[in-house]
1. When you go through E105, E113 one by one, which is the residue that is within 12 Å of the ligand (Cβ to nearest atom), assigned to a loop (DSSP other than H, G, I, E, B) and surrounded by fewer than 14 Cβ atoms within 10 Å (Cβ to Cβ)?
2. Can you confirm whether region 72-82 contains a residue that is among the acidic types (D, E) and touching a Lys or Arg at 6+ places or on another chain (Cβ under 8 Å)?
3. Would you please name the residue that is nearest to Q20 (Cα to Cα), looking only at residues in region 70-86 that are open to solvent by 40 Å² or more (accessible area, probe 1.4 Å) and more than 17 Å from the chain's Cα centre (by Cα)?
4. Could you list all residues from region 133-173 that are within 15 Å of the ligand (Cβ to nearest atom), open to solvent by less than 40 Å² (accessible area, probe 1.4 Å) and either under 16 Å from T85 (Cβ atoms) or not aliphatic (A, V, I, L, M) (or both)?
5. Taking into account only those residues within region 199-239 that are of a type in the set (V, I, T) and within 13 Å of the ligand (Cβ to nearest atom), which is nearest to the chain's Cα centre (by Cα)?
6. Need pairs with beta-carbon distance below 8 Å; first residue within 20 Å of V6 (Cα to Cα) and within region 26-52, second part of a loop (DSSP other than H, G, I, E, B) and among the polar types (S, T, N, Q); sequence gap 6+ or separate chains.
7. Based on this model, can you work out whether A171 counts as in contact with a Ser or Thr (Cβ under 9 Å, 6 or more places away or on another chain) and over 20 Å from C101 (Cα atoms)?
8. List every residue pair whose Cβ atoms lie under 7 Å apart, where the two residues are 6 or more positions apart in sequence or sit on different chains, the first residue falls within region 161-185 and is of a type in the set (S, T, N, Q), and the second residue, located anywhere, is surrounded by 16 or more Cβ atoms within 10 Å (Cβ to Cβ).
Amino acid sequence: MTHRPVLLGVNIDHAATLRQARYRGQHTSHLAEPSPLEFTRQALLAGTDGITVHLREDRRHIQAEDILAIAQLPNVRLNLEMACTPAMLEFALQLKPAAVCLVPESREEVTTEGGLDVVGHFQRVQPIVQALGCAKIEVSLFINAEAEQIKASQATSAPVVELHTGAFAHAWGTAHEKVARNELHQGAELAHQLGLIVNAGHGINYDNIRGIMTLPHLHELNIGHSIVSRALFVGVQSAVREMKQHLQIRA
Ligand code: PXP
């Protein structure tokens, strides 16, 4: 069987994390480095299919100015990760990125620790999905691969789910790996049966990608921390090209 290659969305947040470590409050200074915009240019040259950014309420890494500059680049397919808040909805409707991924957000967490609770917050999530859909923005919901969350996601009329791969990434190489992979596998099957496009992301690296690529129906993977980390040693273009190659190999 021939498979379509899985698309790569490079999450560039942590290029901004490095800049903010030195230049918090001065990100527009000519001294501020590294530049997330330049990181994006390099990732595009290496053939990434998309660029993902998460504009967090606390602005700990990417800033609105970064996103506005990146959106001006030619041929960039931008995926904006955001919390389900009125302020973020307004930002997204002005920006009009190709895609928005709705994620949970709390100030304390280091990164997005769990999926969005679409079942519990249905009344809040659905109107945001619909407002974005009306603006012709493709919406995905970042959820744990649980049947109830997948069914609720479909009920919001979001066309895409992004399955949270964090638990699998933690379990990789341990006795729990198989269970975690089976959960993702079943989630991907159910989402596909319900007509949803299946993306995945969080904690994916150059090693556990082998396990991820055994999952069915994958459309796009959003990968950030491991690509930015590898870029420190081999450069952005090599880091992106290497990950792109992994995404061509279906198990
Ligand atoms: N997808 C979503 C929805 C995320 O919130 C994140 C983390 O910001 C990622 C993908 C990328 O995760 P990582 O940086 O671990 O590759």
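The values are calculated or read from the model by the stated rules, or taken from the named source; none is laboratory data. Just so you know, these numbers come straight off a predicted model, no measurement behind them. Cβ coordinates were reconstructed from backbone atoms using ideal geometry, including for glycine residues, and neighbour counts include every protein chain displayed. The protein model used for the area step is the full one, side chains on, heavy atoms only, and it has no ligands, DNA or RNA in it. Shrake-Rupley method; radii C 1.70, N 1.55, O 1.52, S 1.80 Å.
1. Just a single option satisfies the conditions, and that option is E113.
2. Taking every residue of region 72-82 in turn, none turns out to be among the acidic types (D, E) and touching a Lys or Arg at 6+ places or on another chain (Cβ under 8 Å).
3. Q72
4. V139, S140, L141, F142, Q149, S153, E162, H164, T165, G166, F168
5. Across region 199-239, the extreme among qualifying residues is I223.
6. L44/N75
7. So A171 does not fit the description; no.
8. That search, which allows pairs on different chains as well, returns T165/L184; T165/A200; T165/G201; T165/H202; T165/G203; T165/I204; T165/I212.
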